[in-house]
1. How much of the DSSP beta bridge set in segment 193-286 is antiparallel, as a percent to the nearest 5?
2. Residue by residue through segment 350-365, which ³J(HN,Hα) values in whole Hz follow from phi under the Karplus form 6.51 cos²θ - 1.76 cosθ + 1.60 (θ = phi - 60°), with glycine and proline marked x?
3. Excluding residue 116 itself, calculate the net charge of residues whose Cβ lies under 14 Å from the Cβ of residue 116, where each Lys or Arg counts +1 and each Asp or Glu counts -1.
4. Can you compute 3J(HN,Hα) from phi for each residue in segment 88-103, using the Karplus curve 6.51 cos²θ - 1.76 cosθ + 1.60 with θ = phi - 60°, rounded to whole Hz and x for Gly and Pro?
5. Residue 409 to residue 336: extension gain in nm, 0.36 nm per residue of separation minus the Cα-Cα distance?
6. Could you pull out the pairs from 233/273; 167/189; 297/382; 297/347; 304/392 whose alpha carbons sit more than 18 Å apart here?
7. With each run of n ≥ 4 DSSP H residues scored as -39500 (n - 2.57), what mean residue ellipticity at 222 nm is computed for the chain after dividing by its residue count and rounding to the nearest 500 deg cm²/dmol?
8. Put a dot 7 Å past each Cα toward the Cβ at residue 356 and residue 142; how far apart are the dots in nm?
Amino acid sequence: MGTKHGNHTLDQYIDTEMKKIITKELERQKNQIILIASENFTSQEVIRTMGSILTNKYAEGYPGDRYYEGCNIVDEVEDLAIRRCNELFNSNYSNVQPHSGVQANTAVFLSVLNCNDRILSMNLRDGGHLSHGHKQNLTGRYFDIYTYSVDPETEIIDYENVRKLAKISKPKLIIAGASSYSRIIDYKKFREIADEVGAFLMADIAHVAGLIAGGQHPTSIGIADFTTATTHKTFRGPRGGLIIADKKYSSLINKSVFPGTQGGPFMHIIAAKAVAFKEALQPAFKVYAKKIVENSKALCDCLKYDGFRIVSGGTDNHLFLIDLTNKNVTGYEVSETLASVGIILNKNVIPYDNLNPNITSGIRIGTPAVTTQGMGVGEMHKIGEYISYTIKNRDNKAGLNDIAQKVKKLVNDFPVYSNMTIP
Ligand code: DSN
């Protein structure tokens with residue numbers, strides 16, 4: 001590196017317009033409290049690898065069986081990524097080519113489903129994901145979707161109800177996985193249900209992949225037929241996806257990823273995934289995963305103590321949802337106000353929400369990014385105070401200015417990318 005094309009500092013960045021934009025975004029990331037449950041700060045090693053010359057290589061196919069010449073070195077990259085992925089998740093087959101979690105899901109659907117086959121998945125409103133059956137998503141358009149909800153009282157998955165729905169709907173595929181569910185998902189119970197009705201089971205661990213790798217959430221590997229994940233949320237790697245299954249499904253899944261749903265794999269991203277797998281194999285990653293959950297519980301308890309209603313009463317993982325209904329304010333208004341003081345999170349529908357996804361009755365709060373910054377329980381208490389004050393005093397301009405100063409001071413005490421002008 002250090003050549004004209006290999007330099008990674010903004011000082012040598014030639015496109016001044018883009019340099020300006022990236023610099024602004026870097027400053028934003030450094031100066032705001034990021035509580036979006038699906039975001040994180042990936043390592044500089046991962047960022048450097050993503051920015052490497054591996055992006056230049058086309059490599060349709062798989063190691064040792066490519067459609068282009070000159071792939072012998074990128075074969076090493078993919079082999080290394082697969083080996084590390086299998087070591088980390090204790091699996092005997094993985095496909096590291098999916099460009100995203102949705103692409104990983106789509107490849108699994110193509111592997112085992114035909115048009116109009118039935119899927120049983122979690123209702124989006126209760127924590128499920130768009131790619132599990134939303135009517136405008138490919139899944140909702142090409143498959144027959146049945147959904148399960150959380151229990152209206154406990155707001156936790158009611159496995160007996162899932163069983164009942166599975167028996168009624170007889171799905172070909174059951175999906176266990178969520179994007180806004182704060183409790184442990186019991187993959188073994190889902191397995192039992194899938195077996196009772198002869199369905200395939202897919203676990204979408206996009207959100208909890210890092211917690212599973214770090215031993216903070218039960219694994220789905222060896223239980224679900226297919227596990228799909230993203231590599232950039234709690235997992236803290238590059239933006240991307242992967243699929244893990246038993247090796248008896250290897251040829252089916254490989255064909256469904258390429259040529260089924262993707263063309264050339266992104267070799268620079270696969271390399272960065274390999275770097276992230278190595279990072280996650282270090283003992284420090286287990287400590288990190290534990291701290292994410294500790295921080296999530298601490299922040300959740302703090303807001304609960306301050307009078308906010310927490311969906312399901314608490315959290316077991318990296319995120320939780322606040323129901324704002326009794327505060328007479330919407331998720332839309334609260335997320336905008338919090339953003340104005342530098343606290344970044346997202347509005348989110350809550351179980352049985354009457355408001356639409358653009359307005360919502362709730363907000364979702366997650367701790368992967370602030371934990372990467374090195375914040376701990378003490379800082380969660382401060383953030384809880386800032387959130388609470390901001391929501392309760394949203395018309396008090398002077399008060400909000402004061403919070404904005406405190407937010408800036410707190411994040412500046414935990415700098416990220418401190419010696420980085422550009423990754
Ligand atoms: N956008 C992701 C999330 O925020 O949960 C899911 O794809």
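1. Details: 5 of 9 bridges.
Once the DSSP bridges in segment 193-286 are tallied, antiparallel ones form about 55 percent.
2. 10, x, 6, 4, 8, 9, 7, x, 7, 10, 6, 9, x, 10, 10, 10
3. Working: positive: 118, 141, 170, 172; negative: 117, 144.
Computed value for this residue: +2.
4. 5, 9, 6, 10, 10, 8, 8, 10, 9, 7, x, 6, 7, x, 5, 5
5. Numbers: separation 73, 0.36 × 73 = 26.28 nm, distance 2.05 nm.
Here the segment from residue 409 to residue 336 would lengthen by 24.2 nm.
6. On the way: 233/273 12 Å; 167/189 14 Å; 297/382 14 Å; 297/347 20 Å; 304/392 14 Å.
In this structure, 297/347 exceed 18 Å between Cα atoms.
7. On the way: 15 runs with 176 residues, N = 423.
Taken over the chain, the calculation gives -13000 deg cm²/dmol.
8. 2.7
The values are calculated or read from the model by the stated rules, or taken from the named source; none is laboratory data. Note that the structure is predicted; figures quoted are calculated from it, not measured. Neighbour counts are summed over all protein chains in view; Cβ atoms, including those assigned to glycine, are modelled from backbone coordinates with ideal geometry. With ligands, DNA and RNA removed, areas are computed over all heavy atoms of the protein, side chains included. Shrake-Rupley method; radii C 1.70, N 1.55, O 1.52, S 1.80 Å.
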